[in-house]
Amino acid sequence: HLMTGQPAERGADGQLVLTEETGVVLVLIPGGKFWMGAQSSDPDGLNYYPQATRREGPVHEVALSPYFLSKYELTQGQWRFVAGVNPSLYQPPGGSAPSLLHPVEQVSWTQCLELLGSVELALPSEAQWERGARSGTDTPWWSGAERENLRGKVNLADQTAKRAGAPWNTDEWPDLEDGGVVHTEVSRYVANAFGLHEVAGNVWEWCLDGYDSGFYGRSPTQDPVSPPGGSASRVLRGGSFAFTASSARSSYRNFDDPESRDDDLGLRPARGITP
């Protein structure tokens, strides 16, 4: 996506080689149906997770048209390329985030909408985000049903951060070591089956939808979006370096004020397809 930087190059092994100047890389997510949400009442039912919250239900079938979703969280280099500034708290020069390949943070929903619109991109709907994160799975995390399957694949609250003096709670998974104090460079952790990196952990990601706890119960089947104008909050997905594994589940819904600018809150751009 050349409106956000330079074209990505491939190394001799065929893998993408990212630089601070690389633009957004978009992945085509195929259209189709999937079961969205999670539930804690029926162990034999769809998308079961014992700690699923009420805001994640009911589990419902969604049909999505094909769309593009960024392979990585939007980087500080890409935001600066478009906006001319880097609003992130953790940015170079600095030990916590020494590269512009770290995801941008401290950006509000309103700012994201404006910047993405200027380069013909958009925030993903909540349904688009979850389909991308699940990448064909029905387990709590794309990596599997057990938290242990996340080892080496995710950046969450962990002992690396605790030893560095991080104030967030690292007690839920006391033996986790993921190597990240705050967010890490995009592409550091392995991709899911759709080729998307860091859809669990690293930074929270804004979605287009307004937060509505009852929306799932009346959601349209085709390409649903909870109207932003009908809510005082906007949806966040994916968890972050300061949160637990449970918060990084594919179905977990969080929300915040659209003007909020937190140091663990960024975005993953999307783009629709016009027939």
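The values are calculated or read from the model by the stated rules, or taken from the named source; none is laboratory data. Model, not experiment: these values are computed from the prediction. Using ideal geometry, Cβ is built from the backbone for each residue, glycine included, and neighbour counts are taken over all protein chains shown. Each accessible area value is taken on the protein alone, full model and side chains, heavy atoms only, with ligands, DNA and RNA left out. Shrake-Rupley method; radii C 1.70, N 1.55, O 1.52, S 1.80 Å.
What the table below lists for this structure:
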{"item": "Peptide ranges 197-205, 87-95, 57-65 listed from the most packed, as the mean C-beta count within 10 angstrom indicates", "result": "197-205, 57-65, 87-95"}
{"item": "Where a label projected 7 Å from the Cα of D257 along Cα→Cβ would reach, residues of segment 225-243 with amide N under 18 Å", "result": "229-236"}
{"item": "Burial order of peptide ranges 144-150, 100-106 (average beta-carbon count within 10 Å, highest first)", "result": "100-106, 144-150"}
{"item": "Extent along principal axes [Cα atoms of segment 146-275; Å; largest to smallest]", "result": "46, 31, 25"}
{"item": "Estimated D of segment 80-198 in µm² per second, where Rh is the Kirkwood radius over Cα pairs and Stokes-Einstein applies at 37 °C, 0.692 mPa s", "result": "201 µm²/s"}
{"item": "Over the chain: helical MRE at 222 nm, DSSP H runs n ≥ 4 each giving -39500 (n - 2.57), nearest 500", "result": "-3000 deg cm²/dmol"}
{"item": "Fraction of accessible area attributable to carbon and sulfur, segment 168-226 (%, probe 1.4 Å)", "result": "51 percent"}
{"item": "Whole-angstrom gap from segment 256-275 to segment 193-223, using each part's C-alpha centre", "result": "10 Å"}
{"item": "Solvent exposure ordering (accessible area, 1.4 Å, most first) of D223, D171, D158", "result": "D171, D223, D158"}
{"item": "Viscosity 1.306 mPa s, 10 °C: Kirkwood-radius Stokes-Einstein D of segment 46-85 over Cα pairs, µm²/s", "result": "111 µm²/s"}
{"item": "Measure of compaction for the chain (Cα Rg per 2.2 N^0.38 Å)", "result": "0.94"}
{"item": "1.4 Å probe accessible area per residue over the chain, in Å²", "result": "42 Å²"}
{"item": "Unit charges at the beta carbon, dipole of the chain: most positive-side option, W79, I29, W142", "result": "I29"}
